[in-house]
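Bear in mind these aren't lab numbers, they're just calculated from the coordinates by the rules spelled out. None of these values were measured; they are calculated from a predicted model. FYI the Cβ positions are ideal-geometry reconstructions off the backbone, even for glycines, and counts take in every protein chain you see.
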Amino acid sequence: MTPEDGDVVMSMCAQRMMQDGELAKNTVVATVMSNLGLERALKAKGGGIEAGERQAIVNKMDAISEDWVRLRLAVCSDFYKCKLITQDDYQRQVKCFDGRTRGHEDGRGHA
């Protein structure tokens, strides 16, 4: 897949969401690397594009990553609490996430 393919996919999804009334302000927030074709395709359908600031994008990606880690820790914790995995298995699975989130709990309810 090329970067241009990603813009085509974003354009198709955005146009469908605009058609269904599901795209807030008929606007896609994309990186400054998105090409002019995406912007033109959306404008032709009454939409638009906003280029996000690099730091805002980095912050959002960090938040998504942190949310994924929290979800994975919660799943491991649930498996441990339901006795689907042993404590050793739990410790082994969550070890790689040490320090990756703020305030997460381990499988025993400890922060």
Treat each spin label as a single point 7 Å out from the Cα along the C-beta direction, and report the A74 to D62 distance in nm. 2.2 nm
State, in angstrom, two size descriptors of the stretch 3-52 derived from its alpha carbons: Rg to one decimal place and Dmax to the nearest whole number. 9.6, 27
Which residues qualify? For I85, with a placed amide H closer than 5 Å and at least 5 residues away or on another chain, they are Y80
Percent relative contact order of the stretch 3-52, based on C-alpha pairs within less than 8 angstrom and at least six residues apart? 42 percent
How are the Cα pair distances of the stretch 57-97 distributed, in percent, across 10 Å bins from 0? 31, 42, 19, 8
